[in-house]
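Each remark here refers to the structure printed beneath this line.
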Amino acid sequence: MAIASKSANYRKVKNSLAKWMITLGGISVLFTLVLIFMYLLYVIKPIFESAKVDVTAKFVINEEYKVLATGVDELKEVAYSITEQGKINFYQLVDGDGHKAGEKILSQSLVADGESLTQLINVGQKQKLLIDSAGNVQLIVPSFTANFTSGKRVIIPSIRYPLGKEYLPIDENNATITKLSFAMDDEKAIFVAFTQDNRLIKTTLLAEDDFNYDTAYEVQYQEIDYGAKQVNDILVSSGLSMAFIRQNDQVAVFSLDDEAELKATIIPQLAQNKSTPNHITTMALLSGGSSILLGDDNGSVSQWFEVATDEGREFKEIRRFKVSDNEPVTAIYTEQYRKSFYTETPSGEMGMFYTTSEADLWRGNLHQGNVQALSIAPRADGLVVFSNNELTIFSVKNEHPEVTWQALWQEVWYESYPEPEFIWQSTSGSDDFEAKFSLVPISFGTIKAASYAMMFAVPIALTAAIYTAYFMTPGMRRKVKPTIEMMEALPTVILGFLAGLWLAPIIEIYLPAICLLLVFIPSSVFITAFSWHRLPRKYKTLVPETWAPIILIPAILLAAYAAFALSPVLELHLFGGDVRQYITNDLGISFDQRNALVVGIAMGFAVIPTIFSMAEDAIFSVPRHLTSGSLALGATQWQTLIKVVLLTASPGIFSAVMMGLGRAVGETMIVLMATGNTPILDWSIFQGMRTLAANIAVEMPESEVGSSHYRILFLAAFVLFVFTFVVNTLAEFVRQRLREKYSSL
Amino acid sequence: MNNWFKSGSPWVWLSAGGVSISLISVLGLLGLIAWRGLSYFWPADIYQFEMTDEQGKNLTVIGEIYERESIPASQLVHLNLNIDESAETIERLLIKTGNRELVSLDFRWILVPQINNTSLPAELVVIERRTHGNFYGYIEEVILDGQAVEQNKMLQLVERVSDFQAEMEDLQKSDIGAINYQIERTRLKERKHILDNTLTTQLQQELKDKVVGLKADYSVLEEQLMALREKISRDQIIVRAMDGQKVTINFEDVLQVTFNNKLNVFEKLKMFFSQIGAFVSDDPREANTEGGVFPAIFGTVLMVLLMTVIVSPLGVVAAIYLHEYAGNNALTKLLRIAVINLAGVPSIVYGVFGLGFFVYMVGGSLDDLFYAETLPSPTFGTPGVMWSALTLAILTLPVVIVSTEEGLSRIPSAMRHGSLALGATKAETLWRIILPIASPAIMTGIILAIARAAGEVAPLMLVGVVKMAPNLPLDGNFPFLHLDRKFMHLGFHIYDVGFQSPNVEAARPLVYATALLLVSIIVALNITAVSIRNRLREKYRMLDQ
């Protein structure tokens, strides 16, 4: 008895254990789907987050003199300040190397004894032009080297003189310089300056060898004919191609490429047609050096760059950011490598923006009262602010400013493009390339490929389904249905390969034949049908009408053969011997060998079995008494089909088409192999496309983990996921309803 | 006529046309692949064309006919051909001329009207080589160790070299490969001890000695290899190409020498089968454009087996839950929607998920925890065969679920009731009654899942497939099964060779052959699955009665 109850207990435990295990296994399916959804979301989420700015460290530092500039090393471990007295002081920001955080580790004088700094001009993030009280000009770069001693990293600060320690001979006449800017590359440095005696001058230092190795140079002086009494700002673009001179509200642009003549182009005045005119308050160059940002007293910042117009190249206002409601913009700070910028107003209100995506990333106050110097960390992941004898370090979390919902789905005006456009161009060979992430062209490509495939597949699949389900004898149906469904099992890579390497050349050569087929096949069907209809009765019983699909096979093959045989003749007489040339030259349509037609046919084949199988099921399961009733009332087979069967089965047919669409949208290999994968916005049947799925397959292996590109590819996958989810769920829902309806009938 | 239209009969015929087109396309597609794939193995006739070109020069072209097509004559007008003006179309032939070291392109188009004479000389020979592709020409001399010998010695010499080659390959792959693997393992072991701070001087010395020992073994093997290399480079063939140039081919490059035009049908058939054998058992050569596809077959099979191990229990359990345990509630509905959607989500999305979640997140964490010594080069934090198997397991999960559930639903409930009435618990009923009866349905599901997985390429491109894997994921080095390795796959091989290879034209027949192989596997799997299912249905119909 005891043994029996023990074993009964054991069985009970086993039974409930099995139940729990199986339930867990069942739920895990749902869990998997949710996991995919959540994981995709998790990867995508950061691109839509706005920026975060947080204080990471604060040090009280008593500088005796006014701080003119500040900065920090790449790792944010050492910061510096340059004071009016002409001294640079380096401060440790983290404990280490025998220094405590906040301790001064190096102090060095940048000017001769007895002199002080009258001006400091920040050029980019690193270079500083110094003008001392004697009028001497020098270029310095505070630099940092990481040293590894006994496995620990120590940052050692120093001062570099990229153009030598000698004072720079900016003006031949040695007049006092009031405004100055410059830019340099390996071979030359160009200075543009405004002197006290109202001359605008350009001074070029030509390297004898290369400024990276040798600071020896030759000097060339040139005076710019401008006739201004006063200049507010001077900027030289980093590519050494342009100089921007601001005089009150007027900005003049000089092309520096042209050595002989320096001609000014005036950027049109800001804010026309306004009752209260705006006045420009500040000006800054955007990273890349071809855009200029103008801040005004109305609290807005506008971006301008050169655009090709009918009258040549012209500066245009591209976009405008409202920075403040009532305060003027006092300063604009731009990042070194990205097109982000920060703004500041007199009350200390700051804003962070990204030009291309028009993203308003962050707003806030970094400090109370007077800011003496602000600098963006070299990796754009932090800010250093000197104010009221306080050195504050902020961390900036702003990894994907270039991605916003608008930038992904709306037209974006990229630098040097004539107008806003939808562009997908994720990588390029050059360094200063701006990635263009518009999902519109690839989503369009997806829709285009799917539409052509559906155009091809739906008629064939539905007619085949109707015949197989309604007219075919059971014996033949048992053979035909699995054969067509076999197509679904064919790997798409094989369909794609055949489409790209076999079908595409055939279509290119026999294009007229493809058009002829559209006419020949239906007519061959009708002719065969009519001949059968006219056949004497005794032959009709020999080959019954139920054999129609078999009878039609030779007829269709014959029609296809005729079409292909006629193709060269037609080509010769109608299209001057070469259809391709006719299409490109006479019709002006560009022709790709791997085009939408090829994709449509190949992907159509992949979709036919999906649609066929489900539509056939839906039609076949229409209750027999409905059709019997209709036929008994005198309707013909065809009338019964149209008015009763198809009407009843229409939800099922709809869901079959939806499923087919879902498959066509997500298909990767066929599109990858049968098109040129160019992301274009064009419905043309003779051109290719790039779809979301193919784009992922092409670009994902090369994308850097965690980058904006990587996350956008995940977004593309998410879009596909959501789209197919909706389509499949809808189709399934419709099918369920239909099944219930049938069972109630 | 009007009545005929009114009867709707033409429309019935038109819908029959849909069936015909579908049948033509399915069978035509399979036929096309089969024809093109099989003709790759059939020893082709080698033609010699005497022709006159546009400049009036006479020349000889030797090669296989690859393709024929007719083009409108007007497209060739600019060539100033001396041909019949009235012809509307001109036939042209694509000839595979081989001899890649002599001409830049091993294919050329010739126009039929330019051919003066076509012949099939029996003495024409095809030399299949390890590098530079095929050579077509006439044998001039066979040189054995510097001395010209009789030509019939040639086959013997080819065999001798191929024996040596096999020996060398064995040496290189298994012996030297094993030593390299051991050296790498020792280095990693040392690094692991350094990271764990457990490296004693004694241990360090031990490891060092081991490496020295291994290196000594290596130099012995290397000497053997050098000796073999010397041996195989002894003999040469001198061949005359179509333009009269004489070329010396070393026997070490020669794989096979055949006089295709001399072969009769039986000899051709024999060669046909031996070519198929070589195709499935050899490694690829010449950047995958020649040789066999053995590593791709191996990779596909291994990955699919791994996937089967993962997907079968999960899919079967989920199906049992859905059919036997789940109540008619919202959760069940959600589950069904999940199954439908798992089946409908594009495969590339699984690839993206697999790459992000399995490879970078799970794999990256595994590396940090267990394989810190190899960092920064990742072990599991990079695409590999295990992640591919996992990703495809999720992809094929619904296939197994749907098929198993269908099988379960066909089991008459009387059987369950009978078992329960006799006192069995639900779990016992499942294990003893339901599962054995449903096992053919489960088999069907698994076979369908395998067929699906074998043909899927898009997700694999992200999670583990490569064009050329230096090592198989299964070899003689401990732990034998290397789940972290990348692998080759038949489907990806088709994509890669057909679209990424430098000489697509030359590679095309191989792609057709690979496609045929893949299609036959998949079609065979599907037919098996469907016939099992049909047999099962018949059986239950009988049970029901």
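What whole number of Å gives the distance from the Cα centroid of region B:19-71 to the Cα centroid of region B:291-345?
Their Cα centres are 43 Å away from one another.
Quick one: of A:K66/A:K87; A:K100/A:K152; A:K45/B:K333; B:K173/B:K467; A:K14/B:K333, which pairs are farther than 22 Å apart, Cα to Cα?
Numbers: A:K66/A:K87 11 Å; A:K100/A:K152 16 Å; A:K45/B:K333 29 Å; B:K173/B:K467 19 Å; A:K14/B:K333 28 Å.
Violating the 22 Å Cα-Cα cut-off are A:K45/B:K333; A:K14/B:K333.
Taking each residue of A:526-533 in turn, how many C-beta atoms of other protein chains fall within 10 Å of its C-beta, and what is the average? Mind showing how you got there, number by number?
Numbers: counts 6, 1, 4, 9, 6, 0, 2, 7.
Partner Cβ neighbours, averaged per residue: 4.
Return the average number of partner chain Cβ atoms within 10 angstrom of each residue Cβ along peptide A:635-645. List each step's numbers first, then the result.
Values: counts 1, 5, 5, 8, 3, 1, 4, 2, 0, 0, 0.
The per-residue average across the peptide is 3.
What is the packing order of peptides B:343-351, B:139-147, taking the mean over residues of other C-beta atoms within 10 Å and listing the highest first? Walk me through the intermediate numbers first.
On the way: B:343-351: 25.4, B:139-147: 14.1.
So the peptides B:343-351, B:139-147, ranked by packing, come out B:343-351, B:139-147.
If you average the C-alpha positions of region A:581-646 and of region B:451-467 separately, how far apart do those two centres end up, in angstrom?
31
Which shape class, rounded, prolate or oblate, goes with region B:294-544 when its Cα gyration tensor gives a ≥ b ≥ c as root eigenvalues, a/c under 1.5 marks rounded, and past that a/b bigger than b/c marks prolate?
On the way: a/c = 2.35, a/b = 1.64, b/c = 1.44.
Because a/c hits 1.5 or more and a/b exceeds b/c, region B:294-544 counts as prolate.
Mind putting together the pair-distance distribution for region B:130-285? All Cα pairs, 5 Å bins, whole percent per bin, short to long.
For region B:130-285, the binned pair fractions read 2, 7, 12, 14, 13, 12, 9, 7, 6, 5, 5, 4, 3, 1, 0 percent.
Going highest first, how would you order B:296-307, A:107-118, A:723-734 by mean Cβ packing within 10 Å?
Values: B:296-307: 22.7, A:107-118: 14.6, A:723-734: 18.8.
Ranking the peptides B:296-307, A:107-118, A:723-734 by packing returns B:296-307, A:723-734, A:107-118.
Neighbour counts of other C-beta atoms within 10 Å: give me B:S9, A:S438, B:S233 arranged from fewest to most. All intermediate terms of the calculation are to be shown ahead of the outcome.
Values: B:S9 20, A:S438 23, B:S233 14.
Fewest to most other Cβ atoms nearby, the residues stand as B:S233, B:S9, A:S438.
Helix-only estimate, please: 222 nm mean residue ellipticity of the protein assembly as shown, summing -39500 (n - 2.57) across DSSP H runs of length 4 or more and dividing by its residues, to the nearest 500. The partial results should precede the final answer.
Working: 32 runs with 564 residues, N = 1290.
The helix-only estimate for the protein assembly as shown comes to -15000 deg cm²/dmol at 222 nm.
Going by average Cβ neighbours within 10 Å, how do the peptides B:493-499, B:477-483 rank, with the highest at the top?
Values: B:493-499: 24.6, B:477-483: 12.9.
Highest to lowest by the protection proxy: B:493-499, B:477-483.
Give me the three principal axis extents of the protein assembly as shown from the C-alpha atoms, as integers in angstrom, largest value leading.
120, 94, 87
Length gain on complete extension for the stretch A:I685 to A:K126, per 0.36 nm per residue less the alpha carbon to alpha carbon distance? Please report the intermediate quantities before stating the final value.
Details: separation 559, 0.36 × 559 = 201.24 nm, distance 5.30 nm.
Full extension from A:I685 to A:K126 adds 195.9 nm.
As an exercise, identify the trypsin sites (Lys or Arg not before Pro) in region A:181-250 lying in DSSP coil whose Cβ has no more than 12 other Cβ atoms within 10 Å. Each step should come with its number before you reach the end.
Numbers: sites: A:K188, A:R199, A:K202, A:K229, A:R246; in loops: A:R199, A:K229.
Sites meeting the loop and neighbour criteria: A:K229.
Output the pairs from A:K643/B:K6; B:K153/B:K268; A:K202/A:K339; A:K12/B:K426 with a Cα-Cα distance over 18 Å in this structure; if there are none, say none. Can you show the working numbers first?
On the way: A:K643/B:K6 15 Å; B:K153/B:K268 22 Å; A:K202/A:K339 28 Å; A:K12/B:K426 10 Å.
Result: B:K153/B:K268; A:K202/A:K339 exceed 18 Å.
Rounded to whole Hz and in sequence order, give me ³J(HN,Hα) for region A:109-122 from the Karplus expression 6.51 cos²θ - 1.76 cosθ + 1.60, θ = phi - 60°, writing x for Gly and Pro.
8, 9, 10, 5, 4, x, 9, 9, 8, 9, 9, 10, 10, 7
Straight-line reach from A:K52: which aspartates and glutamates have Cα under 14 Å away, leaving out those fewer than 8 places along the same chain?
Counting by Cα, and skipping residues close in sequence, A:K52 has these aspartates and glutamates nearby: A:D360, A:D381, A:E399.
Can you tell me the FRET efficiency between A:F733 and A:L587 if r is taken as the Cβ-Cβ distance and R0 is 51 Å, rounded to the nearest 0.05? It would help to have the intermediate numbers written out before the result.
Details: r = 45 Å, r/R0 = 0.88.
Step by step, r from the Cβ atoms, then E = 0.70.
Which lysines have a Cα lying under 28 Å from the Cα of A:K448, excluding residues fewer than 8 positions away in the same chain?
Excluding near neighbours in sequence, the set is A:K436.
Report ³J(HN,Hα) in whole Hz for each residue of region A:308-324, in order, from the Karplus equation J = 6.51 cos²θ - 1.76 cosθ + 1.60 where θ = phi - 60°; Gly and Pro get x.
Result, ordered by residue: 6, 10, 5, 8, x, 7, 8, 7, 10, 6, 8, 7, 9, 10, 8, 8, 8 Hz.
Using Cβ contacts closer than 10 Å as the measure, can you line up A:Y167, B:Y371 from fewest to most?
Working: A:Y167 14, B:Y371 18.
In increasing order of surrounding Cβ atoms, one gets A:Y167, B:Y371.
Need one number for region A:536-594: average projected area of the convex hull over its C-alpha atoms, nm². Working shown, then result.
On the way: hull surface 26.9 nm².
Mean projected area of the Cα convex hull: 6.7 nm².
Based only on other Cβ atoms within 10 Å, what is the fewest-to-most ordering of B:W35, B:W387, A:W547, A:W638?
B:W35, A:W547, A:W638, B:W387
Once you charge only the Cβ atoms, +1 for Lys and Arg and -1 for Asp and Glu, what is the size of the charge dipole of the protein assembly as shown about its Cα centre, to the nearest 20 debye?
Value, rounded to 20: 8540 debye.
Roughly how crowded by other chains is peptide B:443-455, in terms of the mean Cβ count from those chains within 10 Å of each of its Cβ atoms?
Whole-number average of other-chain Cβ neighbours for B:443-455 is 1.
Taking N as the number of residues in region A:650-740, what is its alpha-carbon radius of gyration divided by 2.2 N^0.38 Å?
Normalised Rg, Cα atoms only: 1.31.
Do any chymotrypsin sites (Phe, Trp or Tyr not before Pro) in region A:430-490 lie in a loop, going by DSSP, with at most 13 other beta-carbon atoms within 10 Å of their beta carbon, and if so which?
Counting only loop positions with at most 13 other Cβ atoms within 10 Å, the chymotrypsin sites (Phe, Trp or Tyr not before Pro) in region A:430-490 are A:F433.
Just flag the GluC sites (Glu not before Pro) in region A:1-95 sitting in loop per DSSP whose Cβ has no more than 15 other Cβ atoms within 10 Å. Mind showing how you got there, number by number?
On the way: sites: A:E49, A:E63, A:E64, A:E74, A:E77, A:E84; in loops: A:E49, A:E63, A:E64, A:E74, A:E77, A:E84.
Here the GluC sites (Glu not before Pro) that fit, given the DSSP loop and packing criteria, are A:E49, A:E64, A:E74.
Only the coordinates and a few stated rules stand behind these numbers; no lab work does. Keep in mind that what you see is a predicted model, and the values were worked out from it rather than measured. Glycine also receives a Cβ, built like all others from the backbone with ideal geometry; neighbour counts cover every protein chain displayed.
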